[in-house]
Amino acid sequence: MTEKCFSYTPIPPFSLGMPVVNVCLAHHEKVISVPALVDSGAALNILPFDHGLRLGFKWEDQRLKLPMGGLLMGAESYAVLVKSTIEPFPTIDSCVCMDKQIKQRDTNFTWAS
């Protein structure tokens, strides 16, 4: 099994930091590299709306709605498939939740589990 330690990056208001890693996301010919919060207990991964647009997803074309809970209860969200790579691990197919309520400028990172 390959193991990797993730450093804690200060992110206000968390002075001790949060575990953040760079993740490469791909959909068809579009590829983006973004910082992502490591959340090993997450039931799903959130893709900020802006990232979804950068990967070529069209909001109005999405069909697989996902009911959201917690802080995102009632938010309009759709499941989309992307290829995800976190070095040194191999690329995997990931089902992520594209959420129109979450914008990159609001979070400074994508959520990854």
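FYI, it's all coordinate maths here, none of it is from the lab. Bear in mind the structure is a predicted one, so any value in this text is a computation, not a measurement. Note: ideal-geometry Cβ built from the backbone for every residue, glycine included; neighbour counts use all protein chains shown.
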| Given the options 64, 44, 25, which has the most mean-square fluctuation in a GNM of the chain, springs set between C-alpha atoms less than 10 angstrom apart? | 64
| In Hz, Karplus ³J(HN,Hα) per residue of segment 14-26 (6.51, -1.76, 1.60; θ = phi - 60°; x = Gly, Pro) | 8, 5, 7, x, 9, x, 10, 9, 7, 10, 9, 10, 9
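Looking at the P(r) of the chain, how many percent of alpha-carbon pairs lie beyond 18 Å? Walk me through the intermediate numbers first.
On the way: 3133 of 6328 pairs.
Roughly 50 percent, rounded to a whole number.
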| message | Which one, 13, 67, 90, has the greatest fluctuation when you compute a Gaussian network model over the chain with C-alpha springs under 10 angstrom? | response | 13
| task | Quickly work out the residue 18-to-residue 92 label distance, labels modelled 7 Å from Cα along the C-beta direction, and quote it in nm with one decimal. | result | 2.0
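Just subtract the alpha-carbon distance of residue 81 and residue 100 from 0.36 nm times their residue separation and send over the number in nm, one decimal.
Working: separation 19, 0.36 × 19 = 6.84 nm, distance 1.60 nm.
Stretched fully, the residue 81-residue 100 segment lengthens by 5.2 nm.
What ranking of 87, 76, 60, 29 emerges when the number of other C-beta atoms within 10 Å of each C-beta is taken as an exposure proxy, fewest first? Show your work: numbers first, answer last.
On the way: 87 10, 76 14, 60 4, 29 7.
Arranged by neighbour count, lowest to highest, 87, 76, 60, 29 become 60, 29, 87, 76.
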| message | Can you tell me which of 48, 12, 35 moves the most in a GNM of the chain? Springs connect C-alpha atoms under 10 Å apart. | response | 12
| field | Computed [θ] at 222 nm, deg cm²/dmol, the chain (DSSP H ≥ 4; -39,500 (n - 2.57); rounded to nearest 500) | value | -1500 deg cm²/dmol
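Where does each of 89, 6 land when they are ranked from fewest to most other beta-carbon atoms within 10 angstrom?
On the way: 89 10, 6 15.
So the ranking, lowest neighbour count to highest, is 89, 6.
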| request: Excluding residue 22 itself, calculate the net charge of residues whose Cβ lies under 14 Å from the Cβ of residue 22, where each Lys or Arg counts +1 and each Asp or Glu counts -1. | output: 0
| request: Along Cα→Cβ, 7 Å out, is where each label goes; now give me the distance between the ones at residue 63 and residue 40 in nm to one decimal. | output: 3.8
| remark: Along the dipole axis of the chain (charges at Cβ: +1 for Lys and Arg, -1 for Asp and Glu; origin at the Cα centre), the most positive-end residue among 11, 42, 102 is 102
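About the Cα centre of the chain, how large is the charge dipole given +1 on each Lys and Arg Cβ and -1 on each Asp and Glu Cβ? Please answer in debye to the nearest 20.
160
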